[in-house]
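Notes to accompany the following structure.
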Amino acid sequence: MIEATTKTVLITGAASGIGRAAAHRFALAGWRCMLVDLNGAALEGLVARLPVAGDAAHIVRVADLTRPDQIAALAMGAPVLDAIVNNAGMSDSSNVPLVEQDAAQFARLVALNLDAPARVFATFARSLRPGTRIVNVASGAGLHAIPWRGAYSPSKAGLIAQSQTLAQVRSDLCVTALCPGFVRTELVETLIEAGRLDPARAVAKTPLGRMANPAELAEALYFLARDGAVPLNGQALSVDGGSSVYGGSAACAPAAIEPVPLDTSLELDVVDDAVRRWANAARAQEGAAYRSTLDASVLDAAPGQRLAALHTAAARFASEHRRQASLTLLLPSPSASTDPAKTDWRAAGDSAAARMLVSTLACEWGASGLRINAIEVSPQAGEAEAASLMPLVHFVAGASAQFLTGQTLRTAV
Ligand code: NAD
């Protein structure tokens, strides 16, 4: 779908993998892309294949993002940006132990993965309009330490924290981090060839039982660069097949089923709370193919009964769906001042147990393509707030988020 006015997104690391897929996704939707990468030849090849909306031709900039002077030069003659996607990154396939790495090797990885996103932001900071989206591509490696990859995990943990704090400092913008799991890109192929990554083992730690396609991460980046991402301001979104929530010792079963096309339209059933604001806001679509349920019933559960209510909701969903569908639950935000889980320690335990049930169900359901996620909302949210959350609900529930499972998303609603 082409958007009405031409918007501009800057994408770093656009010549390959996730960045290249993102360039295709934004361009297809009518955005102008400012494509930045070290690999000029690959950028030229890419730009020749991208659709162009109107007369706003895409822009190619060759730059080594480990070099502050080359980052600063990006601002010269650049258009006003609506979104920045800091995606360029490198891993370390040298297999050299951390304490034996030479300082230059260590510093180069940190310069690209952690310092470059900050420098790109600083370069454009003054010219950014309120509401500009900043999306930093971090990694599941920033949430759990991956050894023998140099400073990769530390750099990504730093990028997540940097994004969260920038969201507070520049509250006029919308800043998020994306934490991909294993994605079949050139970076991952390099690790596989170097013997640093065993694809079977990666899949064995992923409840959905497969690696992602770059296009699935591009869908997440495209979502995070638009209005629907506002409730997630300051959050890190893990699109990782459930690998960040998996704590089992047995190998996850490989996917028993292929994902459906990412643009498959959504058929959304709504199991509502007593007020029925969620069904009113969702207006279930007809004649579509990817089956999803939005279940708000846990919002009505008495204090201490959320775990039981969520279990009932999950059993209801599982009795209706055997494969390839998603359940999205709305949970009361435990940070809301009126939430019993804030002061009642039993209710706090029940609330946390319910969130972990979401993750545990994701691990059990993954191989058959059944997904489950939760979105935390204020119990006081009215119909206007419900409506503001619908783009997020549709993204989480829909086919374009088929690698998203086991997550409980905190929102500002
Ligand atoms: P990729 O290697 O396929 O692409 C990275 C791009 O960055 C390349 O086009 C490369 O030329 C560019 N680049 C490298 N060094 C650069 C430099 N100094 N200056 C400018 N550009 C440079 O990688 P990918 O798998 O698409 O990863 C993209 C992002 O996603 C990275 O930040 C990566 O850490 C992150 N990520 C990837 C995975 C995965 O499984 N592939 C998982 C988690 C996070």
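The values are calculated or read from the model by the stated rules, or taken from the named source; none is laboratory data. This structure is a prediction, so every number in the text was calculated from the model and none was measured. In this analysis, Cβ positions are derived from the backbone assuming ideal geometry, glycine residues included, and neighbour counts consider all displayed protein chains. Note: areas computed on protein heavy atoms with side chains; ligands, DNA, RNA excluded. Shrake-Rupley method; radii C 1.70, N 1.55, O 1.52, S 1.80 Å.
Quick notes on this one:
- Averaged over its residues, region 266-410 has an accessible area of 40 Å² per residue, based on protein heavy atoms and a 1.4 Å probe.
- 19 Å reach of a label modelled at ALA57, 7 Å along Cα-to-Cβ, counting backbone N of region 19-43: 24, 27-28, 30-37, 40-43
- For region 116-263, the solvent-accessible area works out to 41 Å² per residue, with a probe of 1.4 Å and every protein chain left in place.
- Across the chain, the longest run free of exposed loop sites, meaning trypsin sites (Lys or Arg not before Pro) lying outside DSSP classes H, G, I, E and B with no more than 15 other Cβ atoms within 10 Å, spans 1-275.
- Its relative contact order, with pairs defined as Cα atoms under 8 Å and 6+ residues apart, puts region 246-311 at 31 percent.
- Three-way shape call for region 8-242 based on the alpha-carbon gyration tensor, with the a/c threshold at 1.5: rounded
- Distant alpha-carbon pairs in region 266-410 (separation over 19 angstrom), percent: 47
- Cα centroid separation, region 118-140 to region 208-274 (Å): 23
- Cross-link partners of LYS205 among lysines (Cα-Cα below 26 Å; sequence separation of 8 or more within a chain): LYS156
- C-alpha long axis of helix 306-320 to longest principal axis of the chain, angle in °: 80
- Each Lys and Arg Cβ is given +1 and each Asp and Glu Cβ -1; about its Cα centre, the chain then shows a dipole of about 260 debye.
- Given charges at beta-carbon only (K, R positive; D, E negative), |dipole| of region 266-410 in Debye: 300
- Once the Cβ-Cβ distance of ALA107 and ALA78 is raised to the sixth power relative to R0 = 30 Å, the FRET efficiency obtained is 0.65.
- Tensor-based shape of region 133-266 (alpha-carbon gyration tensor, a/c under 1.5 rounded, otherwise prolate or oblate): oblate
- For the chain, averaging the sequence separation of C-alpha pairs within contact (under 8 Å, six or more residues apart) and dividing by the residue count gives a relative contact order of 14 percent.
- Fraction of accessible area attributable to carbon and sulfur, region 18-84 (%, probe 1.4 Å): 56
- Listed residues THR360, THR185, THR343, most fluctuating in the chain (Gaussian network, C-alpha, under 10 Å): THR343
- Helix-only arithmetic for the chain: the sum of -39500 (n - 2.57) across DSSP H runs with n ≥ 4, divided by the residue total, places the mean residue ellipticity at 222 nm at -10500 deg cm²/dmol.
- Region 134-210 - percent of accessible surface contributed by carbon and sulfur, probe 1.4 Å: 57
- Mean silhouette area of the chain, derived from the convex hull of its C-alpha atoms and averaged over all directions, reads 20.3 nm².
- Along the chain, counting only GluC sites (Glu not before Pro) with a DSSP assignment other than H, G, I, E or B and at most 12 other Cβ atoms inside a 10 Å radius, the longest segment between sites is 4-285.
- Over region 266-410, relative contact order from alpha-carbon pairs under 8 Å, at least 6 apart, %: 27
- Heavy atoms of SER292: accessible area, 1.4 Å probe, square angstrom to 10: 0
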